[in-house]
Amino acid sequence: MSARSERSGAASGWTGSVVLLIASSTGGVGQHVASLTRGLVSGGASVTVCGPAATEQQFGFTAGGARFVPIEIPANPTPADGRAVAALRRVLAGPVDLVHAHGLRAGLVAALARPRQPLVVTWHNAILVGGLRGRLSRWAERIVARRATVALGASADLVERVVALGATDARLAPVAAPELPTPRRGRTAVRAEFGVTPDQPLLLSVGRLHPQKRYDILVRAAARWRDLDPPPVVLIAGSGPSYLPLAADISTVRAPITLLGHRTDVADLLLGADLALVTSDWEARQLFAQEALHSGVPLVATAVGGIPELVGDAAVLVPPGDVDALDRAVRDLLADDGRRAELSRRALAQSRTWPTEAGTVAEVSGIYAELVPGGGRLPDTSSTHEHGRG
């Protein structure tokens with residue numbers, strides 16, 4: 001076990017009982033909840049994770065020592081939210097000290113359940129949609145912000161947003177990226193999988209295939225890179241609702257991009273990569289950006305949300321939605337070995353300034369201790385609650 005792994009397993013120091021609530025997740029939010037679960041349990045806390053059954057299958061909360069209760073909370077509000085609220089109330093009727101919801105959807109279910117326990121809500125994402133769905137989401141934001149005992153934002157702009165919505169206690173709480181495992185293959189073997197020659201650049205992006213990630217911008221820029229000698233190979237690892245339109249775009253413009261689907265070997269892919277790319281319209285503390293810098297891979301990313309404060313001067317930042325800027329940044333870096341080497345050094349140095357998983361667990365545990373000193377469990381009132389609902 002590495003030193004960083006040992007730190008991530010350090011005791012949290014809070015020994016109460018907490019319910020961690022999560023909605024549908026396939027990426028960073030689920031990994032964060034799994035990391036908190038491991039750290040809190042190792043410190044003596046009793047942890048119950050509530051969320052869709054698929055999140056337990058992907059993130060293994062019970063393997064981290066938690067009890068898991070399936071509560072289906074899809075990505076978008078549905079009439080079934082009433083069942084989720086009722087299911088959460090049944091869990092909270094037991095000896096639970098505190099509720100911590102992750103994301104707006106989980107936060108809304110927790111707020112509507114009106115827990116008698118303190119409610120902590122972590123904001124992981126901003127609302128980027130318009131229309132009716134956007135209006136409903138902003139309505140939900142106001143409810144959650146005003147009912148949360150403590151609102152945590154993963155980036156400074158999220159904290160500002162929550163304050164504007166009326167939160168009485170809003171704080172910055174950066175989310176640490178879980179440590180990547182040691183690569184199982186060497187650089188040559190990784191590149192051979194994709195037919196990359198020794199002098200050919202390999203560019204990598206990892207994330208959910210969703211409009212927010214603006215992979216359409218990457219596709220348009222990559223189509224231009226066919227004129228480079230040799231042309232780069234571009235890989236996108238991830239799954240999501242944009243797969244079919246993205247595949248069609250790649251085919252139409254003949255972009256040198258391969259869609260890999262969901263991968264569990266990101267550490268290997270980064271070992272083989274020459275550049276990492278993030279093209280999103282918005283991010284808080286983007287997971288792949290952290291993984292790239294931890295691995296010392298030069299990063300080109302959009303200057304949005306929490307990315308500038310995350311990467312400092314250790315990445316090349318471009319405006320969102322700007323194909324020309326992305327194109328120029330990549331061409332310039334591929335033509336400058338010295339600049340890439342400097343960015344690699346800066347990336348490793350910047351990553352050492354970020355909170356570790358253990359630091360994140362300790363910060364969250366400190367907030368829990370403020371709200372429930374000593375972690376004394378509330379009494380089981382399940383019979384009273386069931387009678388009241390009848």
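A few notes on this one:
- Residue match in the stretch 105-127 (condition: surrounded by fewer than 16 Cβ atoms within 10 Å (Cβ to Cβ), of a type in the set (A, V, I, L, M) and more than 24 Å from VAL372 (Cα to Cα)): no
- Inspection of the stretch 172-194 identifies no residue that is among the β-branched types (Val, Ile, Thr), in contact with a strand residue (DSSP E or B) (Cβ under 6 Å, 6 or more places away or on another chain) and modelled with pLDDT of 95 or more.
- Hits in the stretch 91-109 (condition: small (Gly, Ala, Ser) and more than 22 Å from SER155 (Cα to Cα)): ALA93, GLY94
- Filtered residues of the stretch 349-365 (kept if among the hydrophobic types (A, V, I, L, M, F, W, C) and either surrounded by fewer than 15 Cβ atoms within 10 Å (Cβ to Cβ) or touching a strand residue (DSSP E or B) at 6+ places or on another chain (Cβ under 6 Å) (or both)): ALA349
- Selection within the stretch 10-40: residues that are at pLDDT 95 or above, in contact with a strand residue (DSSP E or B) (Cβ under 6 Å, 6 or more places away or on another chain) and hydrophobic (A, V, I, L, M, F, W, C). The member of this set that is surrounded by the most Cβ atoms within 10 Å (Cβ to Cβ) is LEU21.
- Candidate set from the stretch 29-52 (those that are assigned to a helix (DSSP H, G or I) and in contact with a Pro (Cβ under 9 Å, 6 or more places away or on another chain)); member that is farthest from GLU291 (Cα to Cα): ALA34
- Top-ranked residue in the stretch 271-283 [being hydrophobic (A, V, I, L, M, F, W, C) and crowded, with 24+ Cβ neighbours inside 10 Å; ranked as farthest from the chain's Cα centre (by Cα)]: ALA273
- Filter result for the condition that a residue is assigned by TED's automatic domain parsing to the domain that holds SER365, out of contact with any Lys or Arg (no Cβ under 7 Å at 6 or more places or on another chain) and on the phi < 0 side of the Ramachandran plot, over PRO52, PRO95: PRO52
- Only residues that are touching a His at 6+ places or on another chain (Cβ under 8 Å) and of a type in the set (Val, Ile, Thr) were counted across the stretch 104-128, and they come to 3.
- Criterion violated by VAL96 - all others in (1) more than 17 Å from the chain's Cα centre (by Cα); (2) over 26 Å from GLY43 (Cβ atoms) satisfied: (2)
- Criterion (at pLDDT 95 or above and either farther than 16 Å from VAL196 by Cα or buried (at least 20 other Cβ atoms within 10 Å of the Cβ) (or both)) met by exactly one of LEU259, LEU246: LEU246
- Checking the stretch 198-207 against the condition returns no match, with no residue being out of contact with any strand residue (DSSP E or B) (no Cβ under 8 Å at 6 or more places or on another chain), within 21 Å of ALA289 (Cβ to Cβ) and either in the same structural domain as ALA248 (by TED's automatic domain parsing) or charged (D, E, K, R) (or both).
- Under the condition of being touching a Lys or Arg at 6+ places or on another chain (Cβ under 9 Å) and at pLDDT 90 or above, the residues counted in the stretch 364-390 number 1.
- Scanning the stretch 92-104 turns up one or more residues that are touching a residue at least 24 places away in the same chain (Cβ under 8 Å) and surrounded by fewer than 17 Cβ atoms within 10 Å (Cβ to Cβ).
The values are calculated or read from the model by the stated rules, or taken from the named source; none is laboratory data. Everything quoted here is computed from the prediction, not taken from an experiment. Positions of Cβ are backbone-derived with ideal geometry, glycine not excepted, and every protein chain shown enters the neighbour counts.
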